[in-house]
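Quick notes on the structure that follows.
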Amino acid sequence: MRCSLNAQKETEFEYALRGKAWQVYWLLLKSGHPVSVREVQKALHFSSPSVAHHHLEQLRQLGLVQKHEAGGQYSLVSEVKIGVLRHFVKLGRLLFPRYFFYAVFSTVFYALYLLFLVQGVTRENLFIITFGAIVCVIFWYEAARVWSLRPF
């Protein structure tokens, strides 16, 4: 479920989702299944289970996570698109930068143009080849830049 946020609530989430809480939220978002306190501790290399528990409870108080009574596992209740998450698209358990799709699309069509439509070196073809290369480089650069902003 995705939340639609007003400005005040968005600011509250952005303030709360920093540091280790951000890493815990990202882990829950990526995992797609309930996780235990120990799983969070091990996956994020926290010093103790109490650190993981603290951040999971912090997310629960924000209404982003629910705790299952049976087993004591936590699962994501809602997804919020704040901060760097605005630039990611979730497909199943995988998160991709939005620019990744633009980069793949532009690169595929650029390659198809080079393979099938370029007849010779004319001024028009040279312009399209240069423009296409620049577009592909920009999209791949932006995809890599956004990918580097993920918490881990």
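Of the helices (runs of 4 or more DSSP H) lying entirely inside segment 29-129, those carrying at least 2 residues that are free of Cβ contacts under 8 Å to residues at least 24 places away in the same chain, at negative phi and not hydrophobic (A, V, I, L, M, F, W, C) are 37-44, 49-61.
Can you give me the number of residues within segment 21-35 that are more than 16 Å from the chain's Cα centre (by Cα) and surrounded by fewer than 17 Cβ atoms within 10 Å (Cβ to Cβ)?
Going through segment 21-35 one residue at a time, the tally reaches 1.
The numbered conditions (1) among the hydrophobic types (A, V, I, L, M, F, W, C); (2) surrounded by fewer than 18 Cβ atoms within 10 Å (Cβ to Cβ); (3) closer than 20 Å to residue 149 by Cα are all true for residue 70 except (3).
Looking only at segment 107-125, decide whether some residue is among the small types (Gly, Ala, Ser) and at pLDDT below 95.
Within segment 107-125, one or more residues are among the small types (Gly, Ala, Ser) and at pLDDT below 95.
Reported count of residues in segment 39-61, each being over 26 Å from residue 97 (Cβ atoms) and loosely packed, with under 14 Cβ neighbours inside 10 Å, is 5.
The values are calculated or read from the model by the stated rules, or taken from the named source; none is laboratory data. Keep in mind the model is a prediction, meaning the values are calculated, not measured. Note that each Cβ is placed from the backbone with ideal geometry, even for glycine, and that neighbours are counted across all protein chains shown.
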